[in-house]
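The values are calculated or read from the model by the stated rules, or taken from the named source; none is laboratory data. Remember, predicted model here, so these are calculated numbers, not experimental data. Every residue, glycine among them, receives a Cβ derived from its backbone with ideal geometry; neighbour counts consider all protein chains shown. Surface areas here come from the heavy atoms of the whole protein model, side chains and all, with no ligands, DNA or RNA. Shrake-Rupley method; radii C 1.70, N 1.55, O 1.52, S 1.80 Å.
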Amino acid sequence: MLKQVYPKCDVSRPLEGAYLALNLHQQAAEGDVLVYANYIASLDGRIALFDEVLGEYTVPKSIANGRDWRLYQELAGQADVMLTSARYFRQLAEDKAQDLLPVGSGEKYADIKAWREKQGLKAQPDVMVLSHSLDIPLKALAKVQDRQVIVLTSSQDEAKVDALKQAGVQVLQTNDVTGQFVRQALIDLNYRSAYLIAGPQVHSTLMADSCVDELFLTTHFTLLGGTKVSGLVDANLPQAQSMRLLSAYLDADQQQIFQRFAYVK
Ligand SMILES: NC(=O)c1ccc[n+]([C@@H]2O[C@H](COP(=O)([O-])OP(=O)(O)OC[C@H]3O[C@@H](n4cnc5c(N)ncnc54)[C@H](OP(=O)(O)O)[C@@H]3O)[C@@H](O)[C@H]2O)c1
């Protein structure tokens with residue numbers, strides 16, 4: 001059970017449904033989109049540590065857990081489109097990333113799949129990828145063939161653009177992929193809810209232009225330490241970003257707290 005600690009106190013509820021009930025796909029104003037991000041972080045604010053064996057940043061097993069994953073899936077369930085990074089796609093191609101957009105994979109999550117269907121949403125959210133390099137392996141694209149993939153890029157490498165287009169990807173080019181460019185692309189494509197699952201670079205790109213609306217943050221009560229670490233932002237911002245707490249649930253089973261914030265604009 002979860003214990004709500006804000007805005008109400010001492011209300012207990014099951015984990016399942018805690019986020020699915022939010023109807024995030026219906027919250028944007030007419031002609032707009034709701035962009036929401038989700039992270040799990042340690043008590044000392046790390047979302048990833050550098051893994052010397054793999055040679056890249058990964059989410060440590062000591063904080064990743066099934067109860068947080070359930071809520072990750074509930075958030076995916078409400079998304080028209082997932083916003084991710086090319087780096088994630090490269091990890092996916094090497095089977096180093098958790099499967100992209102897992103809505104409904106397995107019995108445990110069948111209720112989310114059924115919920116999506118009932119809401120008239122596509123079986124899986126589409127995928128929007130940010131990339132400077134356009135180094136996006138076709139092997140990873142094969143894993144998301146059942147949905148529209150859109151790549152936003154500052155690359156002018158027409159050979160790479162053509163290869164992606166031939167693989168069925170929609171490519172939007174610009175000089176600089178800013179938060180505003182991403183948000184406008186989402187609106188132009190008629191998306192109403194976009195789930196940001198990328199790391200600190202994509203997050204800071206959107207935050208710099210005040211283009212993220214909500215943050216779902218799981219804080220796991222673990223101190224990870226480390227010196228090669230990644231946080232939620234890891235970039236200079238034009239100014240400090242104030243956040244307003246919307247809700248918080250204590251998950252005593254896993255010693256973590258599920259928080260939902262609004263970005264104050
Ligand atoms: N704990 C958590 O909840 C959580 C959540 C998400 C991610 N993570 C971890 O964080 C680490 C980094 O994740 P990530 O790879 O998704 O990170 P990221 O830092 O958001 O994305 C990096 C890549 O995205 C592309 N990119 C970012 N901003 C761009 C812009 N404005 N214009 C064009 N391209 C842009 C670039 O791709 P190109 O190199 O192709 O140019 C860049 O290399 C991973 O270890 C991941 O596991 C943890």
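Rounded to the nearest 0.05, what FRET efficiency do Lys96 and Met1 have when you use their Cβ-Cβ distance and R0 = 35 Å?
0.55
Under a Cβ-only charge scheme (Lys and Arg +1, Asp and Glu -1), can you give me the dipole magnitude of the chain about the Cα centre, in debye to the nearest 20?
440
Counting only protein heavy atoms and a 1.4 Å probe, tell me what percentage of the range 2-263's accessible area is made up of carbon and sulfur.
Carbon-and-sulfur percentage of accessible area, whole number: 49.
Give me the extension gain from Ala167 to Asp188: residue separation times 0.36 nm, minus the current Cα-Cα distance, reported in nm with one decimal.
5.4 nm
Taking the Cα atoms of the range 2-263, report the difference between the largest and smallest coordinate on each principal axis, in whole Å and largest first.
The principal-axis extents, from largest down, are 58, 46, 39 Å.
Based on the Cβ-Cβ distance of Asn23 and Lys108, what FRET efficiency does E = 1/(1 + (r/R0)^6) give at R0 = 25 Å, to the nearest 0.05?
E(calc), rounded to 0.05, equals 0.70.
With a 1.4 Å probe and every protein chain left in place, work out the accessible area per residue of the chain in Å², rounded to a whole number.
Each residue of the chain exposes 47 Å² on average to a 1.4 Å probe.
Rounded, prolate or oblate for the range 1-139? Axes are the square roots of the Cα gyration tensor eigenvalues, ordered a ≥ b ≥ c, and the cut-off for rounded is a/c under 1.5.
Oblate, since a/c reaches 1.5 and b/c is not below a/b.
Amide H to amide H under 5 Å from Ile40: which residues, 5+ apart in sequence or cross-chain, H placed 1.01 Å off N in plane?
For Ile40, the qualifying residues are Thr218.
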